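**Student:** Below you will find the structure I want to go over with you.
Rule-based calculations on the coordinates, nothing more; no lab input. Model, not experiment: these values are computed from the prediction. Cβ coordinates were reconstructed from backbone atoms using ideal geometry, including for glycine residues, and neighbour counts include every protein chain displayed.
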């Protein structure tokens, strides 16, 4: 099953400027991500950027790079331009690997592509993991997802989801309950996606949805327009990405 990995990469970052080019034991972060993606079964790996410094760095280590517009609002818009520039067919599968996840397991890249290929009713696929502590459940930066019996996403939210109404009635406050009292067990969304190219072309033509704007979650646009997103638990643990200096310090210790 052929698929393409696209890694969107921007130089600008509020908390960590120049993030893709930060060194992790002698290699830039974008190179570390690229090399992990090469270990997957993807037929090609492409870095999508609007910054010449990133493009030059990728070319220097022998990677494939696609220069894209500097007006894109999201990584999904940038990936769609890559699909368009490369003339990928509507049924071709593209996996969006975040450019700040240098430790992403190749197995989960394969998993999300295979899941989409095996679920023809879905226009996209993504992954999740169980939430095992209340801090994560209550953290708005940890996106929660609930799914149908067929493993299609019902909703994504930064709020606690599902809301444990009976447990809250019993204990009077959400902060005082145990994570084990929440049923079904909550799931944290992992931000890796597989898309059919036809979905990418549709996505950039759709106006942003009100729920997407409210939650600041662009995947809600896909649900708003009636398309399905397949969700499965990740086959391996996916280490947290790099957003802060503390994150890059932690990652450097792992290599």
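**Student:** Given the chain, what percent of its DSSP beta bridges are antiparallel, to the nearest 5?
**Tutor:** In the chain, approximately 50 percent of DSSP beta bridges are antiparallel ones.
**Student:** At 1.306 mPa s and 10 °C, plugging the Kirkwood radius over alpha-carbon pairs of region 131-255 into Stokes-Einstein gives what diffusion coefficient in µm²/s?
**Tutor:** Working: Rh = 16.5 Å.
Result for D is 96 µm²/s.
**Student:** Ranking request for peptides 73-86, 129-142: highest mean number of other beta-carbon atoms within 10 Å first, then the rest in descending order.
**Tutor:** Final packing ranking: 73-86, 129-142.
**Student:** Does anyone have the angle between helix 75-85 and the longest principal axis of the chain? Alpha-carbon axes, 0 to 90°, nearest 10?
**Tutor:** 40 degrees
**Student:** So how far apart, in nm, are the two label points at residue 91 and residue 249 if each is 7 Å from Cα heading toward Cβ?
**Tutor:** In this crude label model, residue 91 to residue 249 measures out at 5.2 nm.
**Student:** I've got another one for you. Cβ neighbours within 10 Å, averaged per peptide: list 96-108, 168-180, 219-231 in order, most packed at the top. Please list the in-between numbers first.
**Tutor:** On the way: 96-108: 21.6, 168-180: 11.9, 219-231: 20.0.
Highest-to-lowest ranking by the protection proxy: 96-108, 219-231, 168-180.
**Student:** I'd like the orientation of helix 106-118 relative to the chain: the angle between its Cα long axis and the longest Cα principal axis, in ° from 0 to 90, rounded to 10.
**Tutor:** For helix 106-118, the angle is close to 80 degrees.
**Student:** Working from the pairwise distances between different alpha carbons, so that the mean of 1/r is found and then inverted, what is region 1-45's Kirkwood radius in Å? Don't jump to the answer; show the numbers that get you there.
**Tutor:** Values: mean 1/r = 0.0864 Å⁻¹.
It is 11.6 Å.
**Student:** When the expected Rg is taken as 2.2 N^0.38 Å, what fraction or multiple of it is the alpha-carbon Rg of the chain? If you can, show how the numbers build up before the last one.
**Tutor:** Working: Rg = 18.4 Å, N = 255, 2.2 N^0.38 = 18.1 Å.
Normalised Cα radius of gyration, the chain: 1.02.
**Student:** Note the angle between two axes, namely the Cα long axis of helix 245-254 and the longest principal axis of the Cα atoms of the chain, as a number of degrees from 0 to 90, rounded to the nearest 10.
**Tutor:** On a 0 to 90 degree scale, this one is about 80.
**Student:** Then there's this: Report Rg (one decimal) and Dmax (nearest whole number) for region 95-161, counting Cα atoms only, units Å.
**Tutor:** Values for region 95-161 (Cα only, Rg and Dmax): 13.4, 36 Å.
**Student:** For the chain, what does -39500 (n - 2.57) per DSSP helix run (n ≥ 4), summed and divided by total residues, give at 222 nm, in deg cm²/dmol to the nearest 500? It would help to have the intermediate numbers written out before the result.
**Tutor:** Values: 10 runs with 86 residues, N = 255.
Per the formula, -9500 deg cm²/dmol.
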